[in-house]
1. Looking at 47, 239, 204, which one has the Cα that reaches farthest to the positive end of the dipole of the chain (charges on Cβ: Lys, Arg +1; Asp, Glu -1)?
2. Sorted from fewest to most neighbouring beta carbons within 10 Å, what does the list 62, 147 look like?
3. Which listed residue (121, 62, 34) has the Cα farthest towards the positive end of the charge dipole for the chain, taking +1 on Lys and Arg C-beta and -1 on Asp and Glu C-beta about the Cα centre?
4. Taking 8 Å as the Cα distance limit and 6 or more residues as the minimum spacing, I'd like the relative contact order of segment 108-286 as a percentage.
5. Give the order of 231, 85 when sorted by the count of other beta carbons within 10 angstrom, beginning with the fewest.
6. Starting from the coordinates of the alpha-carbon atoms of segment 1-142, obtain the Kirkwood hydrodynamic radius over all distinct pairs and give the value in Å to one decimal.
7. Let me spell out the model: positive unit charges on the Cβ of Lys and Arg, negative unit charges on the Cβ of Asp and Glu, origin at the Cα centre of segment 108-286. What dipole size does that give, in debye rounded to 20?
8. With point charges of +1 on the Cβ of Lys and Arg and -1 on the Cβ of Asp and Glu, referenced to the Cα centre of segment 90-186, which listed residue (171, 131, 156) lies farthest in the positive direction of the dipole?
Amino acid sequence: MEAELSFHMEASAEDLMRRGMTREEAMRQLRLELGSAVAHKEKWRLAVGLRSWDDLRADLRYAARQLRRSPAFTLTVLLVLALGIGANAAMFSIVDATLLRWLPYLRPYELMSISAHDSKGTTSWLSFADVEALQQRTQTLESLAYYNRNSVYMKSPAGDQFVDAPPVSANFFSVLGVAPAMGRGFIPQEQVPGQGKVVVLSDLVWRNLFQADPNIVGKPVVMNDVPYTVIGVMPRRFVFPADQTVPEVWVPVEITGNHHLRNFSTAPPLKLLCGGVRWPRAARQRN
């Protein structure tokens with residue numbers, strides 16, 4: 001803008017000088033006709049929308065100066081802002097997880113996890129014998145599944161990967177109400193020792209370790225140097241537990257004779273998952 005005004009003044013002054021005016025007279029007449037250069041600059045900046053940015057920059061500089069003059073006030077403001085933003089983020093995360101985003105199961109409100117308590121009140125898992133007794137005697141639960149925790153090293157074209165590989169019952173996916181996106185889930189015969197060398201992959205493992213191979217079902221994979229056969233791939237959002245972040249695969253629990261004994265030294269404990277809870281009449285009335 002300054003260059004444009006300067007060029008305009010010089011060109012106009014030369015025209016007036018050719019008419020017989022001196023340079024001083026020509027410049028004085030032009031200044032009278034043109035008016036204030038500062039006013040023209042302000043009009044131009046306002047026309048192109050730069051004035052609001054100038055005001056914002058000036059306000060920010062003024063605020064920064066004021067904050068530097070009062071460090072105690074500045075620290076208080078920053079602390080209040082940090083607490084407010086943190087509290088809002090935490091509350092949104094809770095609302096998102098509990099109200100806005102449902103668990104990736106068919107009827108999550110009908111699912112329940114059952115644990116045992118020892119004589120000291122400490123929570124413990126159940127033996128397979130306890131699970132069998134509950135399956136036979138329950139009158140309030142539509143279905144019972146069980147699982148354990150385990151981790152393995154899986155070999156893949158992308159290299160070895162440490163993944164969670166929880167052993168589960170054959171009806172585990174049906175209790176959760178989720179079918180594999182590809183292939184199938186487990187069948188009871190695969191819980192017989194020697195017949196359970198099959199695995200269901202999570203969508204994350206299938207995509208990251210096997211490059212989303214569409215023909216993955218039926219192919220062999222190696223976990224902890226033991227060959228398994230892929231029989232299914234779960235849907236994209238499916239994880240278990242619901243807050244799981246580690247890549248997962250699932251294998252069937254192989255039931256041996258030791259599982260029928262209530263002895264955790266010979267058979268690992270199990271976690272019980274219940275689906276389709278049918279509350280007794282008395283419990284409904286109390287609730």
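1. 239
2. Numbers: 62 10, 147 19.
Fewest-to-most ranking of 62, 147: 62, 147.
3. Going by the Cα projections, it comes out as 121.
4. Values: 352 pairs, mean separation 64.1, N = 179.
Here the relative contact order equals 36 percent.
5. Numbers: 231 21, 85 10.
Neighbour counts put them in this order, fewest first: 85, 231.
6. Values: mean 1/r = 0.0403 Å⁻¹.
Result for segment 1-142 stands at 24.8 Å.
7. Working: 16 positive and 14 negative charges, 111 e Å.
Value, rounded to 20: 540 debye.
8. 156
Values in this text are rule-based calculations from the coordinates and carry no lab data. Here the structure is a predicted model, which means the values were calculated and not measured. A quick note on method: Cβ atoms are made from the backbone with ideal geometry, for glycine too, and the neighbour counts reach across all protein chains shown.
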